[in-house]
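Before any comments, here is the structure.
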Amino acid sequence: MIRHALAALILLGAGVAAADETVPICYGYGCIAQAQIRFSEVQLRDIGRQLSVAVDAAEERKLLAVAVGELYGWAGQQSDIRNDRGGNYADGHAPGKMDCIDHSTSTTRLLKLLQARGSLRWHRVLEPEVRNWAFVFPAHWSAVIEEKKDGGARFVVDSWFVDNGQPAVILPLAEWKEGAGPDV
């Protein structure tokens, strides 16, 4: 807390205006409700610094999984999504529970925030993807990133699999489409 306050004072003293960012985070299944989550400039700079040490796309994905979990953890400090558990059943009837539509929408928004701030050097954010198995219900949605190099590989960033605040699961899109991921 003190570290964040000192960093903010240093930024202001240096003539750099600190700007918080607000991101709507979906919950309630199907994005029927949204909480306006405020991330401080200091928090976002910390995430940016964490991601900046990546030397390649594979390392950026590992760091990004942790960063997405951290962003959700901060969002849980401001909203009922702190009650969200991996999958659709572990959180029971708790307020703030999230399905894959909530997660894919919200994670895409968080990734776009990081992209807009220049924190993603090795990936770009795409629109969410869905997986179905021979039209079997239920479908499952996830956020998607793509390596920036030509013909770059695509990966899902799937926070639905984990409890609020835990690192997201990042898998190759093709494997995820075939059903890969934790069993929740």
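The numbers here are math on the coordinates, done by the rules we state, and not lab data. This structure is a prediction, so every number in the text was calculated from the model and none was measured. No Cβ is skipped: glycine too gets one built from the backbone with ideal geometry, and neighbour counts run over all protein chains shown.
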Label model pair A153, V66: point-to-point distance (7 angstrom along the Cα→beta-carbon line) in nm is 2.0 nm
Simple spin-label estimate for Q77/Q36, 7 Å along Cα→Cβ, in nm, reads 2.0 nm
Distance in nm between S52 and E129 label points, each 7 Å along Cα→Cβ, equals 3.1 nm
With the 8 Å Cα cutoff and a minimum separation of six or more residues, the chain has a relative contact order in percent of 21 percent
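What value in Å³ per residue do you get for the convex hull of the alpha-carbon atoms in the chain?
On the way: hull volume 21.2 nm³, N = 184.
Residue-normalised Cα hull volume stands at 115 Å³.
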Zone reached by a paramagnetic label modelled 7 Å from Y89 Cα along Cα→Cβ, restricted to region 149-184 with backbone N below 18 Å, covers 160-163, 181-184
Sites removed, the longest contiguous part of the chain containing no DSSP-loop chymotrypsin sites (Phe, Trp or Tyr not before Pro) with at most 14 other Cβ within 10 Å is 30-88
Looking only at aspartates and glutamates whose Cα falls under 14 Å of K177's and that sit 8 or more positions away or on another chain, we get E129, D158
The helix 2-13 Cα axis meets the longest alpha-carbon principal axis of the chain at an angle in degrees, between 0 and 90 and rounded to 10, of 60 degrees
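Using the count of nearby Cβ atoms within 10 Å as a rough guide to exposure, how do D158, D56 rank from fewest to most? It would help to have the intermediate numbers written out before the result.
Numbers: D158 27, D56 10.
Final ranking by Cβ density, sparse to dense: D56, D158.
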Once phi for every residue in region 108-119 is put through the Karplus expression 6.51 cos²θ - 1.76 cosθ + 1.60 (θ = phi - 60°), the whole-Hz ³J(HN,Hα) values, with Gly and Pro written as x, are 4, 4, 5, 5, 5, 4, 4, 4, 5, 8, x, 7
Distance in Å, no decimals, from the C-alpha centre of region 71-114 to the one of region 164-179 is 15 Å
Along region 50-65, Karplus-curve 3J(HN,Hα) (6.51, -1.76, 1.60; θ = phi - 60°) to the nearest Hz, with x for Gly and Pro, reads 4, 6, 5, 7, 4, 9, 7, 5, 4, 5, 4, 5, 4, 5, 5, 4
